[in-house]
Structure formats: C-alpha cells, structure tokens
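Written out below as structure tokens is the structure these notes cover.
The values are calculated or read from the model by the stated rules, or taken from the named source; none is laboratory data. The model shown is predicted, which means the values in this text are computed figures rather than measured ones. Note that each Cβ is placed from the backbone with ideal geometry, even for glycine, and that neighbours are counted across all protein chains shown.
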Amino acid sequence: MICPNMERQHEIWRKASNKYRHTKNGRKISRQREREYRAKYQHLIFDLLGSKCSRCGITDLRVIQIDHVNGGGTAERKKPGQKSRWNYYRGIFGEISVGSKNYQLLCANCNWIKRWEKRECAERLE
C-alpha cells in the first residue's frame, strides 16, 4: 500500500516539473524533487525493515543497502516499466507494506559477502 500523501505530493511535483522541465532551471528543479521523493521512500523502507543491517546490526544509514534475499535485484530494476528509481523504491515499499519477506537491509560489506557466498556475482569475480 502506498502512502496517499506521498502520491499526492508527487503528483503536484510532477505537474510543476512538466511546466518547466524543458528549461535548464526546470530540469535542475525536477532532478532535485526526484531525489527528495526517492529519499523519502528509501527512509520509509528503512523504517519498515528495522533501519539496521540484518547480519552485523550496524545502524549507520550511509552504508545500509536494500538487498533482495534471493538475489535478482538487477533483473527487477531492468523490468519494463521501471523508468525511474523512485518508481523502483515505490514498488519495494508496496511489497514490504503487504508483508513481503523478499527484502532485507544489509551494510555494504555484508551485502558483498552475501553476494560472494551465494555466488551472485561469480561471473565477474572469476
């Protein structure tokens, strides 16, 4: 379930950015609003998942990453319809809100260790 207030706010931003997006300043404003919107969804996801690494327990949000428990994040990001990163985060938020256990938070080190152990990146590392 997606927060109605965030949807309404994004709709207002989208209409405003459409008006100015073809100007240099408009593109800059549009990118800034996109970053803010993406950050809000990211923090909502962090709150739902506990805001700490599932393996080591670190709570520094600068190093926390959203991880797909069974891998496949790259394929999910490249699905048709994933035009922007905020749309991707919105989808993850929706899944977690209804009880999906397909995502976890890991720090950058634990995420790479997991990828190595499960051979999610074997073709690149050999």
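Being within 18 Å of Cys53 (Cα to Cα) and either exposed (fewer than 11 other Cβ atoms within 10 Å of the Cβ) or at pLDDT 85 or above (or both), is that true of even one residue in segment 116-123?
Yes; the residues of segment 116-123 include at least one that is within 18 Å of Cys53 (Cα to Cα) and either exposed (fewer than 11 other Cβ atoms within 10 Å of the Cβ) or at pLDDT 85 or above (or both).
Going through segment 32-60 one residue at a time, which ones are assigned to a helix (DSSP H, G or I), over 15 Å from the mean Cα position of the chain (by Cα) and surrounded by fewer than 16 Cβ atoms within 10 Å (Cβ to Cβ)?
Within segment 32-60, the subset assigned to a helix (DSSP H, G or I) is 32-49.
Checking which are over 15 Å from the mean Cα position of the chain (by Cα) leaves us with 32-33.
Once the filter is applied, which keeps residues that are assigned to a helix (DSSP H, G or I), over 15 Å from the mean Cα position of the chain (by Cα) and surrounded by fewer than 16 Cβ atoms within 10 Å (Cβ to Cβ), segment 32-60 yields only Gln32.
For a quick check of your reading of the model, give me the residue pairs whose first member lies in segment 47-70 and is in contact (Cβ under 8 Å) with a residue 40 or more places away in the chain and more than 14 Å from Arg115 (Cβ to Cβ), whose second is of a type in the set (Val, Ile, Thr) and in a helix (DSSP H, G or I), with beta-carbon atoms closer than 6 Å and at least 6 apart or on different chains.
Partner pairs satisfying both residue conditions: Leu48/Ile96.
Hey, does segment 77-91 have a residue that's modelled with pLDDT of 85 or more, out of contact with any strand residue (DSSP E or B) (no Cβ under 9 Å at 6 or more places or on another chain), loosely packed, with under 14 Cβ neighbours inside 10 Å and in a helix (DSSP H, G or I)?
First pass over segment 77-91, keeping only residues modelled with pLDDT of 85 or more: none.
No, segment 77-91 contains no residue that is modelled with pLDDT of 85 or more, out of contact with any strand residue (DSSP E or B) (no Cβ under 9 Å at 6 or more places or on another chain), loosely packed, with under 14 Cβ neighbours inside 10 Å and in a helix (DSSP H, G or I).
Failed condition for His68, given (1) surrounded by fewer than 17 Cβ atoms within 10 Å (Cβ to Cβ); (2) closer than 29 Å to Ile12 by Cβ; (3) under 12 Å from the mean Cα position of the chain (by Cα), with all others met?
Going through the list (1) surrounded by fewer than 17 Cβ atoms within 10 Å (Cβ to Cβ); (2) closer than 29 Å to Ile12 by Cβ; (3) under 12 Å from the mean Cα position of the chain (by Cα), His68 breaks only (2).
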